[in-house]
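The values are calculated or read from the model by the stated rules, or taken from the named source; none is laboratory data. Treat the numbers as computed from the prediction; the structure is a model and nothing was measured. Heads up, the Cβs are rebuilt from the backbone with ideal geometry, glycines too, and the neighbour counts pull from every protein chain shown. The protein model used for the area step is the full one, side chains on, heavy atoms only, and it has no ligands, DNA or RNA in it. Shrake-Rupley method; radii C 1.70, N 1.55, O 1.52, S 1.80 Å.
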Amino acid sequence: MKLASLKAGRDGQLLVVSNDLDRAVAAYGIAQNMQGALDDWSNILPRLAEVAENLAAGKAPGAFDLDPGDLASPLPRAYQWADGSAYVNHVELVRRARGAEMPESFWSDPLMYQGGSDSFIGPYDDIAVASEDWGVDFEAEVAVIVDDVPMGISAADAGGHIQLVMLVNDVSLRNLIPGELGKGFGFFHGKPSTAFSPVAVTPDELGAAWDGGKLHLPIYCDLNGEPFGRANAGVDMTFDFPTLIAHAAKSRPLCAGTIIGSGTVSNKQDAEHGSALADGGVGYSCIAELRMLETINDGAPKTPFMAFGDHIHIEMPDEDGNTIFGAIDQEVVQYEGP
């Protein structure tokens with residue numbers, strides 16, 4: 001089943017969406033919005049599934065043609081957004097680029113930060129920033145949405161709480177981050193509003209590509225219309241989603257609707273053939289990773305971060321080439337102030 005949120009008020013109107021993402025129907029009488037559905041998921045899920053079956057059969061009253069530009073992120077805002085760094089290859093590159101050793105614990109103890117969750121932006125919304133000098137970057141990721149998770153849950157049991165899967169553009173302002181991290185208190189300004197894919201899907205929609213903890217498909221990143229990354233989300237993922245959920249719930253319960261992100265999808269590259277797509281590699285899921293490799297190999301980065309007017313497209317097709325989650329399709333624009 002595929003679900004979306006039509007832009008309507010703060011929390012959107014919950015939609016059930018057809019498999020091809022062409023048609024949708026509002027979940028009237030079942031749940032007003034996505035958060036409401038997740039709050040009573042065990043009772044709401046079968047009712048939404050019945051609507052999905054009727055939509056697929058052409059028997060859903062009120063069905064309409066869907067315009068992805070009318071959609072908010074599946075959760076327009078959330079009680080919690082916690083983003084991991086499951087691809088330790090990415091972390092290792094960051095540290096190598098600045099000549100720092102990576103602690104051995106990074107391979108066994110996940111990194112995670114708590115992001116702002118009060119103002120997600122839609123999958124087709126502009127990325128508005130005040131200055132290009134802030135170092136605008138995209139980060140293509142996978143995320144899951146959970147139901148209520150008890151504190152202290154084991155990784156073995158955490159996977160049963162994954163109810164929906166979606167894609168992420170975790171927008172980063174790279175030039176603001178070093179100063180913030182230098183204070184020893186984590187990200188804030190360097191992590192503006194995040195965007196998610198047009199639809200979130202139940203894990204059964206992913207078939208064999210979903211193994212209960214990882215999504216084994218490449219995530220496509222096109223920068224200004226040119227292929228930039230095709231890294232496989234199931235490859236080199238050191239910490240799977242159940243492990244990330246258990247980590248997040250170590251000292252607190254997680255409420256229904258909590259979003260857990262994978263961090264930037266990153267695959268180890270073939271040094272012999274190069275890592276860019278043009279050189280036979282899988283490319284990158286963010287600009288920063290390419291700049292890290294340029295620094296390691298050439299002593300300094302040469303690829304610029306995004307400028308006003310630049311465009312990022314993030315999508316994940318299935319093995320037959322059909323889009324699963326729809327596309328995150330955004331342009332960087334100058335913020336003109338309130």
### Residue match in the range 102-113 (condition: charged (D, E, K, R) and open to solvent by less than 70 Å² (accessible area, probe 1.4 Å))
no
### Summary
Taking the range 177-213 and keeping residues in a loop (DSSP other than H, G, I, E, B) and open to solvent by less than 50 Å² (accessible area, probe 1.4 Å) leaves 186, 190, 191, 192, 193, 194, 197, 198, 199, 202, 212, 213
#### Entry: Single match in 60, 31, 24, 52 (criterion: part of a strand (DSSP E or B) and in contact with a strand residue (DSSP E or B) (Cβ under 6 Å, 6 or more places away or on another chain))
24
### Message
Pairs needed: first member in the range 56-67, open to solvent by 90 Å² or more (accessible area, probe 1.4 Å); second member anywhere, charged (D, E, K, R) and part of a loop (DSSP other than H, G, I, E, B); C-beta distance under 7 Å; at least 6 residues apart or different chains.
### Response
65/22
### Residue in the range 134-152 that is surrounded by fewer than 19 Cβ atoms within 10 Å (Cβ to Cβ), modelled with pLDDT of 95 or more, part of a strand (DSSP E or B) and hydrophobic (A, V, I, L, M, F, W, C) present
no
### Total residues in the range 80-123, condition farther than 17 Å from residue 170 by Cα and either free of Cβ contacts under 8 Å to residues at least 40 places away in the same chain or in a loop (DSSP other than H, G, I, E, B) (or both)
14
### Query
Can you find even one residue in the range 202-219 that is hydroxyl-bearing (Ser, Thr, Tyr) and either closer than 23 Å to residue 5 by Cβ or modelled with pLDDT under 95 (or both)?
yes
### Task
Return the residue satisfying two criteria in turn: it lies in the range 214-240 and is open to solvent by 50 Å² or more (accessible area, probe 1.4 Å) and in contact (Cβ under 8 Å) with a residue 40 or more places away in the chain, and of such residues it is nearest to residue 289 (Cα to Cα).
230
### Task
Only one of these is in a helix (DSSP H, G or I) and basic (Lys, Arg): 291, 252. Name it.
291
#### Entry: Residue satisfying condition, being open to solvent by less than 20 Å² (accessible area, probe 1.4 Å), of a type in the set (S, T, N, Q) and within 21 Å of the chain's Cα centre (by Cα), within set 85, 73
73
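Table: residues versus (1) open to solvent by 40 Å² or more (accessible area, probe 1.4 Å); (2) within 22 Å of the chain's Cα centre (by Cα); (3) closer than 23 Å to residue 210 by Cα.
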site	(1), (2), (3)
300	yes, no, no
306	no, yes, no
311	yes, yes, no
319	yes, yes, yes
330	no, yes, no
337	no, no, no
